[in-house]
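To keep things clear, I will list the structure first and then write my remarks on it.
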2 protein chains.
Amino acid sequence: MSKPASSPASEAPAEARGPAARLPRGFADRGPADIAATERMLAAIREVYELYGFEAVETPFVEYTDALGKFLPDQDRPNEGVFSFQDDDDQWLSLRYDLTAPLARYVAENFDRLPKPYRSYRCGWVFRNEKPGPGRFRQFMQFDADTVGAPSVAADAEICMMAADTLEKVGVARGDYAVKVNNRKVLDGVMEVIGLAGDEHAARRLIVLRAVDKLDKVGPEGVRDLLGAGRMDPSGDFTKGAGLGPDQIERVLAFTAAGAGDVARTFDNLRAVVAGSAQGLAGVDELAEIAALVAAAGYDDGRVVIDPSVVRGLEYYTGPVYEAELTFEVKDEDGRPVRFGSVAGGGRYDGLVSRFRGEPVPATGFSIGVSRLLAALKVLGKVGAEKTVGPVVVLVMDRDRAADYQRLVATLRSAGIRAEMYLGGAGMKPQMKYADRRGSVCVVIQGSDEKVRGEVQIKDLILGAALSSAPDREAYLKAQAEAQFAVPESDLVAAVRKVLARHG
Amino acid sequence: MSKPASSPASEAPAEARGPAARLPRGFADRGPADIAATERMLAAIREVYELYGFEAVETPFVEYTDALGKFLPDQDRPNEGVFSFQDDDDQWLSLRYDLTAPLARYVAENFDRLPKPYRSYRCGWVFRNEKPGPGRFRQFMQFDADTVGAPSVAADAEICMMAADTLEKVGVARGDYAVKVNNRKVLDGVMEVIGLAGDEHAARRLIVLRAVDKLDKVGPEGVRDLLGAGRMDPSGDFTKGAGLGPDQIERVLAFTAAGAGDVARTFDNLRAVVAGSAQGLAGVDELAEIAALVAAAGYDDGRVVIDPSVVRGLEYYTGPVYEAELTFEVKDEDGRPVRFGSVAGGGRYDGLVSRFRGEPVPATGFSIGVSRLLAALKVLGKVGAEKTVGPVVVLVMDRDRAADYQRLVATLRSAGIRAEMYLGGAGMKPQMKYADRRGSVCVVIQGSDEKVRGEVQIKDLILGAALSSAPDREAYLKAQAEAQFAVPESDLVAAVRKVLARHG
């Protein structure tokens, strides 16, 4: 902040040092291919959300720190993870860390004028002040949909089905994903029956939930250790366990094993596990209601499944929780096949809007990790294969005739052809190289000879590059004639169109 | 930052107070109509930029504070205006205040792998830590295009023509705008010939530039006062002047009056004003070159004009400066007709990239104020008239039959019809009101009677609302029959499509 304002133009040549040109750690620049692929994916998501009756809304990147609250996943560090700063009135502001907390503020502030239930979607960047790592950025994009003011779990069921439709719309095949549903009340019921209800056990509950969440990674025996004294992983690191007794452990393991191929049996298993907890039984009923709605709409074919192993870290969930998982395999760092994993998730958060209003406001919603979903589509070969076509470049053969070249470019653009005049200071060869780097299909050349004859030369760069592979001299000459040819200036547009059409 | 993390669900009902749901001062939420209008406008701009051969690039919202530098327009407060904060490594970061400084960092950091000249465009939100006011936000959107590595003013001429094409593409008619071009070197030449060259006169130069910039508002006599001792405005406020002598003042006024209907005369006038300054004469030559290129492409019909009164505040400009001005009239706060004014501007900033690299890197670019342009299109009636069509709402007549309603909704969605089941807890009348608020064209009703008969009722809300204006009983009954009718469930999609088609 200390650098005084002064004219950098006069300053830079004098002082060779100067600030380093560095992208901040944990942030990324994006090039045209990435931007275009993301835009296409977002448009597909938007189309599905609109079909489901959701409407767009956007909040700013900045909120008052107290309005944003502290609902970051990692409860160990409640005061970290957020970028905060003061404005010129000394008010504390924060960059949003997700799209849910700002939505809660928006709905609370505009409660009376919004239709209820209020269905909305929003896409945007969020920020975390955390240590960045591979695939872990401090600025990343989420795409959320939420229904506020709908007490019925039909709202949750609908979002799960919408998640399935969305994945298929962006290119994930049926069978390559599953939207898994659980209910926080069932988890709470399990805690209750093993004697971990109440605020005084909050920390231990978290350890139990984390153990359950690791089922995929460490298996039932690993979870058993994590629920008991603790677990030593293959590298020798020891994780202290929840310290549960044998009966408690069996009950939790019975819960994680409750999922059965047939939903009726899953619900029987769950009811047995939470027997004695009204909360837990209510949760199972809600799950059964969701299962019925999903079946009625035909999504019970593996697209939306009840799965008691889904935990979801966020403390604010109060009912159904759901997660969209990609089930196809990719290789991990060590070359072993693993499932791609979660790309979206959400759940019911009846408390988030209420905290502003002092009255219950039911709400449910979910969030797609945009970069992660895009990474999955790249693995599936659904994005990244598009070739970007560069502009037609009009070469500058004679620096004094820029106005002529400008006119040629204007003619091409008027015809809707992406075109530009070479604007650098270099000669013929670097100009050709420039056109190559831009991915241009052809260049337009008008030297003084062509000018005199009222002609332009069109050079097809793709055919030109393939000339050397001509099988014989005759084929070479034929290809050469096609790759570079002269036409009257009045035929410029038609000739360029012909060359562009050659290469699709 | 002090609020401890805890479950808001259990907390909110207990404490009726809680944080206030307030949008931070100077920030705005955006609803569906605004988002859609902006997206359409941005897509149109993008199309023109692509046609001109520019390619997309995006940088993050955050940069290292030292890399961003301090190039805000208001030189009186060089250390303010930016939101800055420290990350968890105590590095100073800032929210970008424009899209040019981050581009300079990006180009410097990726210099060797980028094609040169490098033509790019980017659209995004920028942030200013300033006092907000009417139409003055702390978060606003810019849409920039820049050419880096092109020393020739052909690059500037091209951007001016692109600005003209862009305005027409988004809906501003030819004749309702002008892209005005000046050259900072000419201004510097004027300063030189009146003896204000050199760093020691920087502050006074700024006062002179500001006086010239006020020509539109205060007229030549007002500028004369501001160049001299000072000026008393009608409200009695006194602005201290630059304190120039009579000869100096005449020279500056001759400069502001140099613009003539015919460009050749404008250039003659300018050459006379800067006679004696090599810098100034070079600037006039550059302007003449731009004028020739613009004429060659046919844009000298009022779309792009040479105008010596254009100043542009930013200190970093080093050559041509340009401004896109909307020339149609709107009413000011006092009901007087004024021109809408500037919606975009830019210029050559050869120093911004150089400051990282310690070698000259020519660059030129311009920036559209997205909100301001959108406001202009609203004034012109080009946006805001679109009606948004809400989803088809399937009413919930019998809470136990949610699965049936869910199936009806799924059928409509499969046919590509935007539809939803009512998810609130309210009765028939509020459900109808909800559909009205969403702008739904029709609702689908299936009570127990219809269920028994395997039918659904379709209710056309638009025809229904018009029933009361039927001229007689016969017309009323006919309209009523069209506004609400029963069909077999299997005809649901066809019947809804018929009603949607009625209302376009």
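The table below gives the values:
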read-out	value
So A:Gly276, is it in contact (Cβ under 8 Å) with a residue 12 or more places away in the chain, touching a helix residue (DSSP H, G or I) at 6+ places or on another chain (Cβ under 6 Å) and farther than 27 Å from A:Met161 by Cβ	yes
Residue within the range A:368-386 that is part of a helix (DSSP H, G or I), polar (S, T, N, Q) and in contact (Cβ under 8 Å) with a residue 60 or more places away in the chain present	yes
Pair list, Cβ under 6 Å, 6 or more apart: the range A:38-50 residue in the same structural domain as A:Ser371 (by TED's automatic domain parsing), other residue crowded, with 19+ Cβ neighbours inside 10 Å and of a type in the set (Phe, Trp, Tyr)	A:Ile45/A:Phe143; A:Tyr49/A:Tyr121
Meets criteria (surrounded by fewer than 18 Cβ atoms within 10 Å (Cβ to Cβ) and either part of a helix (DSSP H, G or I) or touching a residue at least 12 places away in the same chain (Cβ under 8 Å) (or both)) for B:Ala344	no
Tally, over the range B:312-362, of residues that are over 23 Å from B:Ala202 (Cα atoms), within 14 Å of another protein chain (Cβ to nearest Cβ) and among the aliphatic types (A, V, I, L, M)	1
Those strands (runs of 3 or more DSSP E) lying entirely in the range B:441-504 with at least 2 residues more than 19 Å from B:Val409 (Cα to Cα)	none
Filter result for A:Arg22 (at pLDDT 90 or above and touching an Asp or Glu at 6+ places or on another chain (Cβ under 7 Å))	yes
Qualifying residues in the range B:64-87 (those that are outside any loop (DSSP other than H, G, I, E, B) and at the interface with another protein chain (Cβ under 7 Å from one of its Cβ atoms)) - the one modelled with the highest pLDDT	B:Tyr64
Residues within the range B:425-434 that are at pLDDT 90 or above and under 17 Å from A:Phe111 (Cα atoms), tallied	3
Test: A:Arg113 is assigned by TED's automatic domain parsing to the domain that holds A:Val179, surrounded by 22 or more Cβ atoms within 10 Å (Cβ to Cβ), at pLDDT below 95 and not hydroxyl-bearing (Ser, Thr, Tyr)	no
Single condition B:Arg437 does not satisfy, out of (1) farther than 22 Å from A:Ala155 by Cβ; (2) not in a strand (DSSP E or B)	(1)
Test for B:Glu286: is it surrounded by 15 or more Cβ atoms within 10 Å (Cβ to Cβ), farther than 30 Å from A:Leu412 by Cβ, touching a residue at least 24 places away in the same chain (Cβ under 8 Å) and of a type in the set (Asp, Glu)	no
Residues satisfying the stated conditions in the range B:82-119, i.e. farther than 25 Å from B:Phe366 by Cβ and under 28 Å from the mean Cα position of the chain (by Cα)	B:Ser84, B:Phe85, B:Leu93
When residues of the range A:269-283 are limited to those that are outside any helix (DSSP H, G or I) and aliphatic (A, V, I, L, M), the one farthest from B:Val409 (Cα to Cα)	A:Ala275
Exclusive hit being among the basic types (Lys, Arg), part of a strand (DSSP E or B) and modelled with pLDDT of 90 or more, set A:Arg231, A:Arg224	A:Arg231
B:Val383 hydrophobic (A, V, I, L, M, F, W, C), within 14 Å of another protein chain (Cβ to nearest Cβ) and under 46 Å from the mean Cα position of the chain (by Cα)	no
Test for B:Leu467: is it free of Cβ contacts under 8 Å to residues at least 60 places away in the same chain and touching an Asp or Glu at 6+ places or on another chain (Cβ under 8 Å)	no
Residue count, the range A:389-434 (criterion: more than 8 Å from every other protein chain (Cβ to nearest Cβ), touching a Gly at 6+ places or on another chain (Cβ under 7 Å) and over 17 Å from A:Gln446 (Cα atoms))	1
Given (1) crowded, with 19+ Cβ neighbours inside 10 Å; (2) farther than 29 Å from A:Gly26 by Cβ; (3) among the acidic types (Asp, Glu), number of the condition B:Glu47 does not satisfy	(1)
Identity of the residue in the range A:128-168, of a type in the set (S, T, N, Q) and more than 7 Å from chain B (Cβ to nearest Cβ), that ends up nearest to the chain's Cα centre (by Cα)	A:Gln142
Condition check for A:Glu323: out of contact with any Leu (no Cβ under 9 Å at 6 or more places or on another chain) and within 23 Å of A:Asp144 (Cβ to Cβ)	yes
Which listed residue, of B:Arg357, B:Arg312, is surrounded by fewer than 24 Cβ atoms within 10 Å (Cβ to Cβ), out of contact with any Pro (no Cβ under 7 Å at 6 or more places or on another chain), closer than 26 Å to B:Ala173 by Cα and at pLDDT below 95	B:Arg312
Filtered residue count, the range B:116-138, keeping only those that are more than 20 Å from A:Thr59 (Cβ to Cβ) and either outside the structural domain of B:Thr38 (by TED's automatic domain parsing) or not in a strand (DSSP E or B) (or both)	5
Test for A:Ala324: is it buried (at least 21 other Cβ atoms within 10 Å of the Cβ), at negative phi and in the same structural domain as A:Gly149 (by TED's automatic domain parsing)	yes
Flag if A:Asp188 is modelled with pLDDT under 95, assigned by TED's automatic domain parsing to the domain that holds A:Gly302 and not in a strand (DSSP E or B)	yes
Among (1) at pLDDT below 95; (2) farther than 30 Å from A:Leu380 by Cβ; (3) surrounded by fewer than 18 Cβ atoms within 10 Å (Cβ to Cβ); (4) of a type in the set (Gly, Ala, Ser) - the single one A:Ala278 does not satisfy	(1)
When residues of the range A:257-268 are limited to those that are outside any helix (DSSP H, G or I) and surrounded by 18 or more Cβ atoms within 10 Å (Cβ to Cβ), the one farthest from the chain's Cα centre (by Cα)	A:Ala258
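Rundown of residues vs (1) farther than 24 Å from A:Gly416 by Cα; (2) outside the structural domain of A:Ile417 (by TED's automatic domain parsing); (3) under 41 Å from the mean Cα position of the chain (by Cα); (4) surrounded by fewer than 15 Cβ atoms within 10 Å (Cβ to Cβ), yes/no style:
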site: A:Ile445; (1), (2), (3), (4): no, no, no, no
site: A:Ser448; (1), (2), (3), (4): yes, no, no, yes
site: A:Ile458; (1), (2), (3), (4): no, no, no, no
site: A:Ile462; (1), (2), (3), (4): no, no, yes, yes
site: A:Ser469; (1), (2), (3), (4): yes, no, no, yes
site: A:Arg473; (1), (2), (3), (4): yes, no, no, yes
site: A:Lys478; (1), (2), (3), (4): yes, no, no, yes
site: A:Lys498; (1), (2), (3), (4): no, no, yes, no
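The values are calculated or read from the model by the stated rules, or taken from the named source; none is laboratory data. Everything numeric here is computed off the predicted structure, so don't read it as measured data. Here Cβ is always computed from backbone atoms with ideal geometry, including for glycine, and neighbour counts include all displayed protein chains.
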